[in-house]
Each structure stands twice: as C-alpha cells, then as structure tokens.
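Asks: Attaching a single structure in structure tokens format; questions to follow.
The values are calculated or read from the model by the stated rules, or taken from the named source; none is laboratory data. The model shown is predicted, which means the values in this text are computed figures rather than measured ones. So basically every Cβ, Gly included, is an ideal-geometry build from the backbone, and we count neighbours across all protein chains shown.
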Amino acid sequence: MTWEERWHPLREEWVIVAAHRQNRPWNGETVEREEAALPDHLPDCYLCPGSRRVSGKRNDDYTCTFVFDNDHPCVGPDAPRRLDAPPGIYRNRPATGVARVVCYSPRHNLTLAELEPEDIVSLMRAWQEQHAELGGRKEINHVLIFENKGEVVGVSNPHPHCQIYATNFVFKTIETEARVSERHLADTGRILFQDVLKAEREDGRRIIFENESAIVFLPYFARYAYEAFVAPKSSHPSIAALSEAELRDFAKALKLLLVKFDNLWRRPFPYVMPLHQAPTDGGDHRGFHFHIEFHPPLRRPNLLKYLAGPEVGGGNFLSDTSPEEKAAELREQPDVHYKQSR
Ligand SMILES: [Zn+2]
Ligand SMILES: [Zn+2]
C-alpha cells in the first residue's frame, strides 16, 4: 500500500499517491477495444504515400519518413499580423510559428511499437533535422515534437505520425523544467535529471530497461499509472545532440518500452508522447537533459484516468496506483510484440 505525497522535482509540485484506493468499485466510462485489421495502404488516408491532402497538395511516394507542413496549422506564417489591442492588462500577439506533421512509415497499419529499430533510428534522425532547422530560426523559441496515439486521446487516423509545433513561446512544462534545471545547476553544479537518474538507480524498482547509453523507467513522481521516461544517460539539451551510437541505443530502449506497453493488454496502447527538449531561445540550457515522456491515459484496459477536480481544478495530480507496482507489471511483459509472436 502506498499512500503519500511525492515531490515532482521537474515540475516543482506535489503528486498525491493514493494507491490504497485502487480497487474501489468503478462504474464509469469504458474504452472499446480497437482490434480491426487495417490495410497496408488506404487510398483515402491523407497520410499515406501519394494521397492528395485537403490543401490539394499530394504526398510524396515516400519510403521511410515524410515531413510536411500541417494543412490546418495552429501556429503558422499566415497567422494575422495586425491584431486589435485588447483592453487593460490583457495582451495578445500573432500566432506565428511552424506546424508540421511527420509520418513514421509509408505503412498505414504500423505503429511506432512495430517499427524496426533501424526505422526508429531514421525517424529520430528526422526529428534531429527538424529540431536543428526549426530551432535555428530566430523567431522560434521552442520546438515541441509529440505523438498522440489512440482514439482515447483524440486520434482517429491510425497512420503512424507525430506533430511538430515550433513556436515563438516556450511551452509551460518545458519552461518550468528549463527554469528548475538551470537553478539546480547554479545551486549544486549538478544536472537535475542526472540526480533523478541517480535516485532511480539507487532504488532500482522502477527501472524497466537499460543499455549502454539509454535508460527507461517509471519515475518516482509519476502522475499517470504507466507514465514512463526514456532518456539518454548523458545530458544533451535536445535530440539533435545525440551521437549515432546514442540514437541506436535510444531507439532500442524506446522500442522495448512500446512493445511492453502493447503486450500489457495485448492491444495498441494509447499515449501522449512529448519530446522534452530545451528551449531554442538563445538561453543557457546546459542544465537541461533531453528525454521522452509517455503519458498514457488508461489505468486499466478499459479505464480512463479522468482529469478532474485535483488535476484540472487544482493543478496537482492524484495517482491511484504506485509506480513501483506498475513498473513491475511492465518488466514482466515479453520483449517481443504480441503481433509478432502469434
Ligand atoms: Zn495511411
Ligand atoms: Zn520532462
């Protein structure tokens, strides 16, 4: 039984871990299984090779990864530049920036978990290039790369892809991580994330996988039941700084976690997957340690973690499960994807 509050050092907030309540009866919403077999290629999928998109542009006949400007950008060069000034203390500014889509594979029916490690390395190279190109622009202060996967997080097209929002501001979570990391470095001379890794190794119960240069773990301060971090062991401000050897190790670690996620309930595992990378605002971000976070919305196969009073109303998470137990569940899962072991 775990019933305590845990400090989240990267967000500077408390997480209430109330795992003693996890078996209470539940009559809430369930999430349907999504097991329909999908074709390799779907002519009316706007992400498939050769398809015509809503903008009228046609996708390349791509064979690996494919990057294009989002046809419905939330930030973009065409955002209105002349805005009416709001009254009083209110402020506004143009929603400039760049929004892109990255297709992982020409195959409509693959997921990141099913890509071969070398294809994940190619994808990571594409992320490196995008980060370097967009982050290098003067007007871009941060490059947020993220994948939303599964209908429970609002994605109806299963074609494997992620999105890039290169913005003139720094997203809140990253701004906090960058600020506390910078302060920790100034105060202690150490990198905050390295101290997290050290504490995880001292405990050991939440580590899922390690190889020479990459590590996968559920953090002590996890807010979601299956929240997991994938990180290089060396500190780099962004993915762009990873060496070839680090990319290969990282791809293996990422793949292994995703396979275990899918094997857990023998179904595609939904998640929100942001890359946490330092701002590209010209600041000193030597204390920042690039990593990927997974925020899976399900606590059980058909049970959503609702964000309600504590999370939305108060801004702090209440977790009904202990990360130690969930890490043990994941470690027990086979390393081969269930679709390949049938
Ligand atoms: Zn497709
Ligand atoms: Zn982070």
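Asks: Does Thr188 meet the test of being within 16 Å of ligand 2 (Cβ to nearest atom), surrounded by fewer than 19 Cβ atoms within 10 Å (Cβ to Cβ) and among the polar types (S, T, N, Q)?
Replies: no
Asks: Look at Lys138 and say whether it is at pLDDT 95 or above, surrounded by 18 or more Cβ atoms within 10 Å (Cβ to Cβ) and of a type in the set (D, E, K, R).
Replies: No; evaluated as a whole, the condition is false for this residue.
Asks: Restricting to region 159-174, and then to whatever is away from ligand 2 (no atom under 16 Å from the Cβ) and in a loop (DSSP other than H, G, I, E, B), can you tell me which residue is surrounded by the most Cβ atoms within 10 Å (Cβ to Cβ)?
Replies: By that ranking, first place goes to Pro160.
Asks: Read through the list (1) away from ligand 2 (no atom under 13 Å from the Cβ); (2) touching an Asp or Glu at 6+ places or on another chain (Cβ under 8 Å); (3) hydrophobic (A, V, I, L, M, F, W, C); (4) assigned to a helix (DSSP H, G or I), then give the number of the only condition that Val216 fails.
Replies: (4)
Asks: Being of a type in the set (A, V, I, L, M) and either under 26 Å from the mean Cα position of the chain (by Cα) or within 16 Å of ligand 2 (Cβ to nearest atom) (or both) is the filter here; which residues of region 39-64 pass it?
Replies: If the condition is that a residue be of a type in the set (A, V, I, L, M) and either under 26 Å from the mean Cα position of the chain (by Cα) or within 16 Å of ligand 2 (Cβ to nearest atom) (or both), then Leu47 is the only one that fits.
Asks: Are there any pairs with C-beta distances below 8 angstrom linking a residue in region 45-61 that is in contact (Cβ under 8 Å) with a residue 12 or more places away in the chain and farther than 15 Å from His159 by Cβ to a residue that is more than 8 Å from ligand 1 (Cβ to nearest atom) and hydrophobic (A, V, I, L, M, F, W, C), with the two at least 6 apart or on different chains, and if so which?
Replies: Close Cβ pairs satisfying both conditions: Lys57/Phe68.
Asks: Would you check which residues across region 91-142 are in contact with a His (Cβ under 7 Å, 6 or more places away or on another chain) and assigned to a helix (DSSP H, G or I) and list them?
Replies: Ala113, Glu114
Asks: What pairs can you find where one residue is in region 192-213 and on the phi < 0 side of the Ramachandran plot, the other is surrounded by fewer than 16 Cβ atoms within 10 Å (Cβ to Cβ) and among the small types (Gly, Ala, Ser), and their Cβ atoms are less than 8 Å apart, with a gap of 6+ or different chains?
Replies: From residues that are on the phi < 0 side of the Ramachandran plot, the pairs are Arg205/Ala328; Glu212/Ala245; Ser213/Ser234; Ser213/Ala245.
Asks: Related question: Would a scan of region 44-57 turn up a residue that is modelled with pLDDT under 95 and within 17 Å of Arg107 (Cβ to Cβ)?
Replies: yes
Asks: Looking at region 1-42 only, could you name the residues that are outside any strand (DSSP E or B), within 30 Å of Leu192 (Cβ to Cβ), at pLDDT 85 or above and among the aliphatic types (A, V, I, L, M)?
Replies: Listed by number, the residues that qualify are Leu10, Ala19.
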